[in-house]
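**Student:** This is the structure I want to talk about, given as structure tokens.
The values are calculated or read from the model by the stated rules, or taken from the named source; none is laboratory data. What you see is a predicted model, and the numbers here were worked out from it, not measured in a lab. We place every Cβ from the backbone using ideal geometry, glycine too, and count neighbours over all the protein chains shown.
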């Protein structure tokens with residue numbers, strides 16, 4: 001059983017809406033019994049579930065002081081996932097609740113207010129050694145403020161490669177006990193939530209098993225600021241007037257691992273040209289006999305465009321594989 005907690009001290013971050021939608025998508029993906037626990041005193045998640053006509057996910061009604069015992073019971077019942085919604089403002093109970101989480105998702109709306117609140121949340125999570133992921137909520141991939149927020153967040157942890165768009169449809173569906181999956185299962189909103197769940201599910205699947213007694217002592221370092229993809233695509237490295245045919249083995253918004261017979265040296269400023277991606281400026285930060293590691297020197301918008309392209313490419317490949325006879 002995995003436990004995903006939604007945590008943000010910023011009021012209006014969309015935490016409860018994401019909790020409902022992520023739990024619903026997990027239920028639709030048949031990860032096993034999916035349970036919701038509403039640890040937010042506002043009770044918004046409970047209100048949503050009370051007017052919902054669909055069978056899942058189920059809501060487990062429990063006092064915040066008894067969440068540990070409830071989770072133990074759910075594990076005995078072979079639940080697949082528990083999604084925890086927490087208080088929207090600083091609350092002493094949050095520190096206890098996050099101790100049960102295998103992964104914490106921090107919803108952040110683009111802008112200085114949520115960025116500041118996210119900083120306080122990260123400090124708390126790092127103090128307790130919790131693994132976390134930032135989720136950009138209510139943004140637009142083409143907006144400068146979104147790209148700037150992504151880059152600011154990436155200095156402190158992993159940013160999910162899915163932006164949940166701003167839409168009044170979320171509030172409308174929540175008021176009816178529904179999700180966007182019921183109103184428009186093939187639409188953009190459903191697609192982005194699905195993309196977000198796929199990413200979080202992968203992070204949960206790699207979560208280390210931590211015994212409850214050891215949770216407060218286990219500090220888990222996030223390995224990368226950006227998701228990294230296997231790529232294996234031909235490219236050209238350019239250093240001055242020299243051109244090096246190469247293969248990009250894996251890539252992220254922060255850099256790439258490149259293989260070739262002849263390659264530039266550490267410290268050289270280069271550009272890498274990749275079909276359908278374009279020209280990316282970089283610095284060689286690692287060199288061995290047949291490969292170099294590149295650190296991209298690109299702007300926030302170009303980084304986020306790259307993340308979106310890579311995520312779309314992998315999703316297209318996955319769909320083609322599923323559709324193949």
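**Student:** Taking residue 241 as meeting all but one of (1) out of contact with any strand residue (DSSP E or B) (no Cβ under 7 Å at 6 or more places or on another chain); (2) under 18 Å from residue 297 (Cα atoms), write down the number of the exception.
**Tutor:** Going through the list (1) out of contact with any strand residue (DSSP E or B) (no Cβ under 7 Å at 6 or more places or on another chain); (2) under 18 Å from residue 297 (Cα atoms), residue 241 breaks only (2).
**Student:** If we only count helices (runs of 4 or more DSSP H) wholly inside segment 1-76, which ones have 2 or more residues that are under 20 Å from the mean Cα position of the chain (by Cα) and either modelled with pLDDT of 90 or more or within 15 Å of residue 94 (Cβ to Cβ) (or both)?
**Tutor:** By residue number, 15-28.
**Student:** So, one more: From 199, 181, 134, which residue is part of a strand (DSSP E or B) and in contact with a helix residue (DSSP H, G or I) (Cβ under 9 Å, 6 or more places away or on another chain)?
**Tutor:** Only one candidate passes the filter, namely 134.
**Student:** Of all residues in segment 133-146 being surrounded by fewer than 24 Cβ atoms within 10 Å (Cβ to Cβ) and touching a residue at least 40 places away in the same chain (Cβ under 8 Å), which is nearest to the chain's Cα centre (by Cα)?
**Tutor:** 133
**Student:** Looking at (1) within 20 Å of residue 102 (Cβ to Cβ); (2) in contact with a strand residue (DSSP E or B) (Cβ under 9 Å, 6 or more places away or on another chain), which is the one condition that is false for residue 30?
**Tutor:** Every listed condition holds for residue 30 apart from (2).
**Student:** Give 120, 147 a once-over and let me know the one that is touching a helix residue (DSSP H, G or I) at 6+ places or on another chain (Cβ under 9 Å), part of a helix (DSSP H, G or I) and assigned by TED's automatic domain parsing to the domain that holds residue 101.
**Tutor:** Result of the check over 120, 147: 147.
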